[in-house]
1. Loop-only trypsin sites (Lys or Arg not before Pro) in region 1-68, please: DSSP not H, G, I, E or B, and at most 15 other Cβ atoms within 10 Å.
2. Give me the percent relative contact order of the chain, please, defined on Cα pairs under 8 angstrom at least 6 residues apart.
3. Starting from the Cα gyration tensor of the chain, take the square roots of the eigenvalues, sort them a ≥ b ≥ c, and report rounded, prolate or oblate (rounded when a/c is under 1.5, otherwise prolate if a/b is larger than b/c, else oblate).
4. Provide the net charge surrounding Arg86, with neighbours chosen by a C-beta distance below 15 Å and charges set as Lys +1, Arg +1, Asp -1, Glu -1.
5. Given points 7 Å out from each Cα along the Cα-Cβ axis, report the Val45 to Glu67 separation in nanometres with one decimal.
6. Once Lys and Arg get +1 and Asp and Glu get -1 on their Cβ, which of Tyr110, Pro34, Ile51 lies farthest toward the positive end of the dipole of the chain?
7. What is the extension gain from Lys97 to Ser78, computed as 0.36 nm multiplied by their sequence separation minus the C-alpha to C-alpha distance, in nm to one decimal?
8. Calculate how steeply helix 95-109 sits against the longest principal axis of the alpha-carbon atoms of the chain, using the helix alpha-carbon long axis, and give the answer as 0 to 90 degrees to the nearest 10.
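Throughout, read-outs are computed from the coordinates displayed, never taken from laboratory work. From a predicted model like this one, the values you see are computed outputs, not experimental measurements. Heads up, the Cβs are rebuilt from the backbone with ideal geometry, glycines too, and the neighbour counts pull from every protein chain shown.
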Amino acid sequence: MTGVPETESVSLDLLREKMAEFAKERDWDRFHSPRNLLLALVGEVGELSEIFQWKGEVPKGLPDWKEEEKVHLGEELSDVLLYLVRLSDICGIDLGKAALRKVDLNAIKYPVTKHQCQTTTTTTNNNDGKQSS
Ligand SMILES: Nc1ccn([C@H]2C[C@H](O)[C@@H](COP(=O)(O)OP(=O)(O)OP(=O)(O)O)O2)c(=O)n1
């Protein structure tokens, strides 16, 4: 259905093209304004949050979740990603490049030597750089 072989990785560029095509075919470009897309994105983040709502903390890998719950989670994560990709495109932002640049900036802001977790002591580093015991 996507035209992408199962074994191939999916790029942000492919998703950007698919969303552009999807909107064009339906004459929905006029609805895909920055503000509309942002609101749609926030709505989908809400739907994603609902999946985790009231569940308490859940273990990584979601071992106790039913297959259909995981499929639903994948759908909501995808909606968030797709609107984010589309919003970036409409705003003229190369999301992949911007994100890579941000990763570099994060590494400068949080150098490993200063923020590595100390496993031998009871002191822990929060990811905001502040320490707590
Ligand atoms: N104007 C629109 C409407 C939808 N979509 C695409 C992007 C999302 O991936 C998905 C969102 O579709 P829905 O608004 O139907 O939302 P859900 O799929 O979450 O359905 P529901 O809200 O019924 O759970 O469709 C889009 O690009 N532009």
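1. Working: sites: Arg16, Lys18, Lys24, Arg26, Arg30, Arg35, Lys55, Lys60, Lys66; in loops: Arg26, Arg30, Lys55, Lys60, Lys66.
Loop-located and lightly packed - Arg26, Arg30, Lys55, Lys60, Lys66.
2. On the way: 68 pairs, mean separation 34.4, N = 133.
Dividing the mean separation by the residue count of the chain yields 26 percent.
3. Numbers: a/c = 2.10, a/b = 1.52, b/c = 1.38.
It is prolate, given that a/c is not under 1.5 and a/b is the larger ratio.
4. Numbers: positive: Arg16, Lys18, Lys24, Arg26, Arg30, Arg35; negative: Asp13, Glu17, Glu21, Glu25, Asp29, Glu44, Asp79, Asp89, Asp94.
So the environment of Arg86 carries a net charge of -3.
5. Distance between the two pseudo-spin positions: 3.3 nm.
6. Tyr110
7. Values: separation 19, 0.36 × 19 = 6.84 nm, distance 1.99 nm.
Contour length minus Cα-Cα distance gives 4.9 nm.
8. Rounded to the nearest ten degrees, it is 10.
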